[in-house]
Amino acid sequence: VVRAAAPRFASPAEALHTVFGYSDFRGQQAEIIDQLVGGGDAVVLMPTGGGKSLCYQIPSLVREGTGVVVSPLIALMQDQVDALTAVGVRAAFLNSTQDSAERSRVERAYLEGELDILYVAPERLSSEATKRFLARGTIALFAIDEAHCVSQWGHDFRPDYLALSELADRWPDVPRIALTATATEATHREITTRLQLEGAAQFVADFDRPNIQYRIVPKSEVRKQLHDFISTEHPDDAGIVYGLSRNTVERTAEFLRARGLNALPYHAGLDAATRAATQSRFLREDGVIVVATIAFGMGIDKPDVRFVAHIDLPKSVEGYYQETGRAGRDGLPSTAWLAYGLNDVVQQRRMIDDSPGDLAHRRRMTQHLDAMLALCETVQCRRVNLLNYFGQRAEPCGNCDTCLSPPESWDGTVPAQKLLSTVVRLQRERNQRFGAGHLIDILRGKRTPRVEQYGHDALATWGIGADISESQWRGVVRQVIAQELLKPEGEYGVLAITPESAAVLAGERVVTLRREPERPERASRSSRS
Ligand code: ADP
Ligand code: ZN
């Protein structure tokens with residue numbers, strides 16, 4: 001006999017108090033829940049930590065049948081189910097990590113009306129067999145979590161999500177809710193159209209996280225800068241440090257440990273048991289710092305993360321905002337700290353050039369990177385820049401680095417011309433290309449072995465930039481690259497002129513730069529620059 005899971009609670013408020021132990025709904029939760037309980041559809045854009053889960057968990061408990069939750073976070077399903085089971089919700093999941101006995105047990109429970117909530121991986125739900133199976137039971141609602149994965153223009157596209165549009169045709173009477181923490185207008189539009197949610201109620205939450213202080217600093221000795229930041233501002237606090245590569249993650253964790261901080265590495269190259277142990281120490285112990293690739297953090301709900309640090313430039317503002325949003329879920333003051341430098345820009349432009357995708361894909365990645373660079377180089381309030389990016393108006397916050405010590409902008413046209421003309425001369429007169437480090441040596445008139453070897457002291461631009469320090473030059477080069485007046489190419493990031501550079505050289509375009517604090521330069525530079 002097939003049965004529908006009976007409603008567990010008469011009202012959302014009762015479920016909120018009894019199951020989750022909270023006294024009030026937050027933000028728009030009550031309206032969203034009412035919309036679903038009443039049988040309507042919803043699109044929910046709410047920042048990380050805003051409380052999206054209750055928006056589908058509670059309606060699943062109030063409506064007859066089982067709430068089917070589509071989530072790409074397979075690794076977290078067990079945790080989510082455990083957490084729900086612990087508070088008396090009958091939950092289970094279906095994904096590729098299960099054996100067939102386990103799967104049959106879950107399927108039987110569903111058909112017998114013994115499940116309030118069933119998590120399903122998107123690739124399962126795109127299979128006809130799974131849909132036929134689900135159709136035999138009673139579905140209270142469909143929740144499509146991380147709904148931005150349906151967007152091909154987004155930062156996290158998953159092809160399996162496209163098939164979710166069929167849910168509307170197959171189950172026209174089952175309410176659907178799509179949720180995401182990505183709030184650009186383009187993503188919002190795509191979620192609505194691709195998932196056939198044009199008729200749904202739209203809930204767009206305030207994306208501001210006023211308790212997070214955003215700071216972006218120029219990178220010099222990044223591990224030392226990071227250690228200074230943590231030890232002076234967050235000595236005993238829990239935090240997450242994001243780096244791009246496994247190697248960076250390992251070395252940074254080691255560096256912090258050697259200086260007495262409780263830091264652990266986390267990346268996909270570590271075995272599952274180690275990763276699980278690290279995650280559980282982060283959740284349960286006080287003051288643990290996890291140094292991680294972006295593999296860490298999705299779905300991890302720790303309220304008192306006091307800082308999120310990025311030691312490499314994130315690939316998109318969406319990703320950055322999601323990662324920094326893991327700080328301060330408890331509403332207490334927290335810091336989002338990012339160090340970014342010349343090599344980040346060079347490396348990421350190169351990664352885009354080398355990426356296997358088609359031209360449209362590379363253009364998309366370039367747009368994401370440009371938005372991220374614009375945030376880094378802005379002389380405006382960081383929060384205003386971030387919120388505008390997500391389509392929200394804001395006033396200067398008074399609490400980010402640019403509000404607290406407004407950077408001057410300065411007319412960098414002349415230095416930019418000196419730099420560009422050095423590149424042009426090398427390229428045109430000698431058919432040579434070099435990276436930033438050597439170009440700066442030429443401009444500053446530094447007699448290095450390489451300068452001697454190539455006779456670059458004979459160039460007309462030799463020594464014409466001696467009035468600007470080496471670290472300031474690095475800032476100039478970085479910003480000139482960010483403005484696409486120079487383009488790094490090839491494995492070593494040698495710099496080439498772009499179509500835009502001509503206007504600067506002709507004196508037709510002003511180059512406005514952000515003045516940076518003077519920093520000690522690294523003792524040795526990598527060969528690449
Ligand atoms: P999101 O999925 O939007 O990132 P979560 O659903 O994980 O956010 O919720 C974030 C945190 O807020 C969780 O610890 C959750 O238990 C808590 N929370 C959600 N709603 C409420 C509420 N109404 N009252 C108190 N705490 C809440
Ligand atoms: Zn500000």
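One table, with the values for the structure above:
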quantity	calculated
Pair list, Cβ under 6 Å, 6 or more apart: the range 401-429 residue surrounded by fewer than 17 Cβ atoms within 10 Å (Cβ to Cβ), other residue part of a strand (DSSP E or B) and of a type in the set (Phe, Trp, Tyr)	none
Residue check for residue 462: part of a helix (DSSP H, G or I), closer than 14 Å to residue 419 by Cβ and at pLDDT 90 or above	no
Complete set of residues in the range 33-55 that are at negative phi and away from ligand 1 (no atom under 11 Å from the Cβ)	34, 35, 36, 37, 38, 40, 41, 42, 43
Single unsatisfied condition, residue 25 versus (1) closer than 26 Å to residue 125 by Cα; (2) without any contact (Cβ under 8 Å) to a residue 60 or more places away in the chain	(1)
Number of the condition not met by residue 214 [criteria: (1) touching a Phe, Trp or Tyr at 6+ places or on another chain (Cβ under 6 Å); (2) outside any loop (DSSP other than H, G, I, E, B)]	(1)
Condition check for residue 84: part of a helix (DSSP H, G or I) and buried (at least 16 other Cβ atoms within 10 Å of the Cβ)	yes
Selection status of residue 316, surrounded by 16 or more Cβ atoms within 10 Å (Cβ to Cβ), more than 14 Å from the chain's Cα centre (by Cα) and touching a residue at least 60 places away in the same chain (Cβ under 8 Å)	no
One residue from 529, 524, 471 being within 25 Å of residue 224 (Cα to Cα), modelled with pLDDT under 95 and in contact with a Phe, Trp or Tyr (Cβ under 9 Å, 6 or more places away or on another chain)	529
Residue count, the range 389-398 (criterion: at pLDDT below 95 and within 12 Å of ligand 2 (Cβ to nearest atom))	2
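The rows are residues; the columns are (1) touching a helix residue (DSSP H, G or I) at 6+ places or on another chain (Cβ under 6 Å); (2) assigned to a loop (DSSP other than H, G, I, E, B).
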residue	(1), (2)
163	no, no
168	no, no
173	no, yes
177	yes, no
188	no, no
199	no, yes
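The values are calculated or read from the model by the stated rules, or taken from the named source; none is laboratory data. Note that the coordinates shown come from a computational prediction; the quantities given were computed from them, not determined experimentally. When we count neighbours, we look across all protein chains shown, and the Cβ atoms used for this are built from the backbone with ideal geometry, even at glycine.
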